[in-house]
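The values are calculated or read from the model by the stated rules, or taken from the named source; none is laboratory data. Just so you know, these numbers come straight off a predicted model, no measurement behind them. FYI the Cβ positions are ideal-geometry reconstructions off the backbone, even for glycines, and counts take in every protein chain you see.
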Amino acid sequence: MAEEKQVSSSFTSMAGAASDADAPEIGIGMIGYAFMGKAHSNAFKKIPYMMYPPVAIPRLAAIAGRNEAAVTAAAQRYGYERAYTDWRDLIADDGVQLLDNGGPNDAHAEPCIAAAAAGKHVFCEKPLARTAEEAKSMLDAVQSAGVKHMVAFNYRFVPAIQQAKKLIESGKLGRIYHWRAVYLQEWGMDPEMETSWRFNKAVAGSGALGDLGAHIIDLARFLVGEPKAVAGLAQTWLTERPDGSGGMAKSDVDDGFVALLDFDNGALGTVEATRFAQGRKNFNSFEINAENGSIHFNLERLNELNVFWKGENPDTTQGFHNVLVSEAHHPYWENWWPHGHIIGWEHSFVHEFHHFFNAIVNDADVAPYGATFVDGYRNAVICDAILQSAASKKHVDIRY
């Protein structure tokens, strides 16, 4: 589409070093070594040679986890210089300039607050915290310390989503009327699956809402604007799960939720997430309907946007157009392959950390394209309001 090509990307125009030899090092201290530990470590290793010339070279200084054998193995596997079983030792390590917190949700607040107090920049997995109150304490800490801070809403850094953002910012879509988004997975359905921290409210804060819904709530704020009120429903279908030792453990988080969003700008929205959707592996999909067109995105086809423009010839070009977001002028593609040679889910983390490193090295703003702890806090306020609405069966106003 001509309209697509006219919207050039500003997301790759960062002031980097002349070469990797000139780029400063940033010592990374990571908490956690499982799913996100692997994803983040993979990104750190790719940045120096793919986001070239790099704005900074991540040095894998230290990694922390509670299981000594597992964290030692992870340090060897990923290439971290030191391994700790206490996150306090990691924060005290002079070689760590940036805390990357990928631990369980109950391990977000205290280490991040301590790292900020020690003058270290802070990157934290989502959801930022278990509650809005806890998130606010983290926001206050990083703002007071004056360190850079970012929340891992990595889907902002999918090239197709950033291209959608640029289309919206250009004004071509006109006024937005509708946002509808779903994030569907199936892995929580097996009643014989051993429980984990993700099913424990005291540790996780919430279930499908914080795990999946937080992502599409963030995208709603990123692409459409601030919600001013919500109405929600939530359900727990399996209230007990095997505890691994022959007994049963209580499962007290939401297995699925749906919510209505009333935006400040007059748009209406729906968000839905579940871990009980048979056949759905990682189906994160949204549609925006606006005055002059519509945009549809599906994470399982993350290199594509489906775009409709009002006013096209009904006999020839009218209808949704499938746009392959892989041209050199699209966000971040100058760093990857020739057009049509698609990239994957893991590359969003490369873009995300590159953006954060630029903010650190060049004292640039993380916002509005990156999610700061302000965004993490506001996301937590909305999540809390959805659960409050589900419990009270009433609309709840959003108050930051």
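Side notes on the structure shown:
- Residues in the range 290-301 that are assigned to a strand (DSSP E or B) and more than 23 Å from the chain's Cα centre (by Cα): Ala290, Gly293, Ser294.
- Residue match in the range 241-252 (condition: buried (at least 17 other Cβ atoms within 10 Å of the Cβ) and among the aliphatic types (A, V, I, L, M)): no
- Listed by first and then second residue, the pairs with beta-carbon distance under 8 Å, at least 6 apart or on different chains, first residue in the range 190-203 and in contact (Cβ under 8 Å) with a residue 24 or more places away in the chain, second of a type in the set (Val, Ile, Thr), are Trp197/Val203; Arg198/Val253; Phe199/Val253; Asn200/Val253; Lys201/Val253.
- Within this structure, Phe222 fails the test of being hydrophobic (A, V, I, L, M, F, W, C) and assigned to a loop (DSSP other than H, G, I, E, B).
- Some residue of the range 176-186 being surrounded by fewer than 22 Cβ atoms within 10 Å (Cβ to Cβ), over 21 Å from Ser285 (Cα atoms) and not polar (S, T, N, Q): no
- Positions within the range 324-351 being closer than 16 Å to Ile161 by Cα and either out of contact with any helix residue (DSSP H, G or I) (no Cβ under 7 Å at 6 or more places or on another chain) or surrounded by fewer than 20 Cβ atoms within 10 Å (Cβ to Cβ) (or both), in sequence order: Leu324, Ser326, Glu327, Ala328, His329, Ile342, Ile343, Gly344, Trp345, Glu346, His347
- Residues in the range 352-395 that are buried (at least 20 other Cβ atoms within 10 Å of the Cβ) and not in a helix (DSSP H, G or I): Val366, Gly370, Ala371, Thr372.
- Checking Pro58 against (1) assigned by TED's automatic domain parsing to the domain that holds Val350; (2) of a type outside the set (Val, Ile, Thr); (3) more than 17 Å from the chain's Cα centre (by Cα), the condition it does not meet: (1)
The rows are residues; the columns are (1) in contact (Cβ under 8 Å) with a residue 40 or more places away in the chain; (2) of a type in the set (A, V, I, L, M).
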site	(1), (2)
Arg82	no, no
Gly102	yes, no
Ala114	no, yes
His121	yes, no
